[in-house]
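The values are calculated or read from the model by the stated rules, or taken from the named source; none is laboratory data. Since this is a predicted model, take the numbers as computed values, not measurements. With ideal geometry, Cβ positions are generated from the backbone for all residues, glycine too; neighbour counts draw on all protein chains shown. Calculation scope for accessible area: heavy atoms of the full protein, side chains included, ligands and nucleic acids excluded. Shrake-Rupley method; radii C 1.70, N 1.55, O 1.52, S 1.80 Å.
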Amino acid sequence: MKIRSALLAVLVIAGPRPQCPGQSSQQIASQTAETPEVTYHVTLMLPQYRFVDTRGYAGRVGEYDSLQQSLGGDFSFNLVNVPEHLALKSTINVISRDDYESKSRLTLGKWFDFTLDSRSFVRHLDNNYFFGAGAISSDIVRVDSIPPEALLGIRRRMNNVQARVKLPKVPVKLFVKGGWQARDGNGQSQYFDMGGNGTLTDTGCDNCHSSSQYRTYNYTTRNIAGGAEVTLGSAKLVYQHEFRSFNDRIQSPVGIYGTSESFDGAENIPINPAGFYVNNVLPRHQTQADSLQLTMAVAHHFTLNGDISYARTVSQAPTVFAVPATQVFQNNTQNALNADVTLTWNPVSRLHAIADYHQQNLLNDWVQTFALSDPTVLYPFGNPSLHRHWAGLKLAYRLSKQFDAEAYYKRMNITRSNTSLWPQVSSPNNIDPIFFVGSGFTNIVPATFSNIAGLALHYHSGELWDARTGYEWTGTHAPGYVTDPRTSHRIFGDVTLTPVSWLNLGDDASILLQQSFAGFLPAEGVPLQRSNHLYTNTTFLTVKPAPLWSIAAAYTYLQDNLRTSMQFDNDAAVGLYLQPLVPYKEVSQSYSLRTEYEMKKKLRLKADFARTLAHSGYRPDLNPADYPIFPGAVDVAGYASQADYANAFSQALGLSSILVSQVDVPQSVVGIIADYHTHSGFDGGLRFSYGSYADRIGRLSVNGFTRPDLSGQLRSYTVFFGRVW
């Protein structure tokens, strides 16, 4: 409390002094000269030591934790010098050598402002080491070079600096800013090919090869920008020029590919000699960008905000795509043109209106050609240009002291130029659920537009009731992907009740009903369909039994019921099976409890608990009698009869509904803080955190295959002691 009171006093002392009407500059100077010199500073030194204990696989439960036992702490320094118009504030929080954050700011009056920020943290990625496809098909060969218990951590470091200078006697501010970001660490690279069994000696297409190996990350992103801010009356104009660069120092992983050197002409696959080929190419590039922003108050009830930017990106070093070398990323360009305009109109006190328009254009200049099994036929491919435009209008009207009405409308348009350049490189005529009927070899719809309209009613009665409910409708024409809905209906309601000052109760609920387009790829005369029902609800309670004691609890429920058509594709000579409206269900429940208590302004206790339970899975029809007759099943797949193939297909679907899709993910998080503060300025305490995570997929054993649990625990103890003065 002493620190808070002192800081408040500093804000009062250092705050601008209002100029009274009629005062001359000489009178103001005289008063300033009589003001006593005031210099104030606050220093905090709170070193800490952290103990870490992990059990099992800690990569998920410690997803954003460096998992290091380390020496760190909290340090800060605040200085205010009123006569010199100087203010300096610097803070740093260190958990480990890879997890820290620091912020510093220096101001000299109104003419100079300098900030410096730095942040570093580690994120651990999942190790998807289990590959269940071998249980479905014995000719899938899996090569795993990453141990199951391996931690895949990526360290990210970010540094930003900015300086602003106000020119004397002119309404102009100059600024310069820069940034540097780096990522380094190990991740996972997985790839799948149809070449062979993963050895150079195999030259047939008798096996499918899947591989998992380490991927080393090491790349940096730099940016530097400068510009000017001009203020003329009620208008402010900001111009900025920026240079950005992306530099990778990644040795891309390679894998065996191209072992299939013979073909019968039925499958349009690439012909490549057996060898090692590069996967996941990241090209270097540089960008020059210019932007202009305008803020203007046209009248006391009308304001305008707008900005426009244009960026030019060029690929730098050519990158080897495969062996033999094929240069596909050499000096290709990509430009971006974006614009935003927002108008705010408040003609009367009861009415508030906002109109906005946005535009995004991504222009690609990258076209290549390639050949598949027939070298005389060349296929062009590249990145299509993307153009997005959307505009909206929002109105809010005060009906009475307790009721507000809100209405909004948004129109979106997406145009994809040169969509014929995209299908994927390896399969221009593949069977893909993104395929749209009548679009030839194009997987992307050239144009899409949608409309969104909503209406809400808000009721508020002082400190007792606060409720908001409404309805939103979405209609889409020609979606670009399977997940785009044709129509969507959302009903929502939020209620908050405060019967007494120490009790607050609320509930947020939402129901979403979606129906997607039918007819993406007709198979056997049945079009693909998709419908989705999504239910969410959050209930929260806050109680204050005493002025310095608070208790908060919350419960969240999420249920996703999806019914969608699924297409199961085998070799074209064997058959294609479509099962309509396969049910999928996802249920997630979260419980949380938080309490905080302060005793005699010396001892502060804080505890948090959260428990999450998540389940999901789908269940296709497993009745072999419902499967169609595939004439090529016996000859191509080698089954003794059609009934044997149907039974095998049923077992494969059973594996996918249990081994692949069923997920059970429980998680628990506990955090406790005890902090004791003395009158002499010393502060000490203990922080404890605990996390438990389990990822259980396909717990039932099917044909001897069971995915083991991916679970882990993390405990950390932090002891801190220091002083504030």
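Please list the non-local residues whose amide H lies under 5 Å from the amide H of L581, H modeled 1.01 Å from N, same-chain partners needing a gap of 5 or more.
Q529, T564, S565, M566
Grab the other residues whose beta carbon is less than 14 angstrom from that of L497, score K and R as +1, D and E as -1, and report the net.
For residues surrounding L497, the net value is -4.
Give me the percent of accessible area attributable to carbon and sulfur for the range 47-158, probe 1.4 angstrom.
About 55 percent, which is the carbon plus sulfur part of the accessible surface.
In whole Å, how far is the Cα centre of the range 221-239 from that of the range 581-600?
What the calculation gives is 44 Å, centre to centre.
Mind checking the full-extension length gain between R619 and L457? Use 0.36 nm per residue of separation minus the Cα-Cα distance, one decimal, nm.
That pair, R619 and L457, stretches by 54.3 nm at full extension.
Tell me, what ³J(HN,Hα) does each residue in the range 409-415 have, in order and in whole Hz, if you take phi through Karplus 6.51 cos²θ - 1.76 cosθ + 1.60 with θ = phi - 60° and put x for Gly and Pro?
8, 9, 10, 10, 10, 10, 10
Pulled fully out, how much extra length does the chain show between K606 and F51, if you take 0.36 nm times their separation in residues and subtract their Cα-Cα distance?
Computed gain between K606 and F51 is 197.8 nm.
Tell me which residues come under 5 Å, amide H to amide H, from V38 once H is placed; ignore anything under 5 positions away on its chain.
Under 5 Å from the amide H of V38 lie the amide H atoms of V82, each far enough along the sequence or on another chain.
Got a sec to turn the phi values of the range 377-388 into Karplus ³J(HN,Hα) couplings, 6.51 cos²θ - 1.76 cosθ + 1.60 with θ = phi - 60°, whole Hz, x for Gly and Pro?
Here the 3J(HN,Hα) series is 9, 9, 10, x, 8, x, 9, x, 7, 10, 10, 10 Hz.
For the range 214-228, in order, what is each residue's ³J(HN,Hα) by Karplus, 6.51 cos²θ - 1.76 cosθ + 1.60 with θ = phi - 60°, in whole Hz (x at glycine and Pro)?
Along the range 214-228, the couplings run 5, 10, 7, 9, 6, 8, 10, 10, 10, 8, 9, 9, x, x, 9 Hz.
Taking only protein heavy atoms into account and a 1.4 Å probe, give the accessible area per residue of the range 39-165 in Å².
53 Å²
What pairs from K89/K601; K544/K600; K236/K394 go past 18 Å between their alpha carbons?
K89/K601; K236/K394, as the Cα separations exceed 18 Å there.
Give the long-range amide H neighbours of N383: residues separated by 5 or more places, or on another chain, with amide H under 5 Å away, using H modelled in the peptide plane at 1.01 Å from N.
Correct list: W366.
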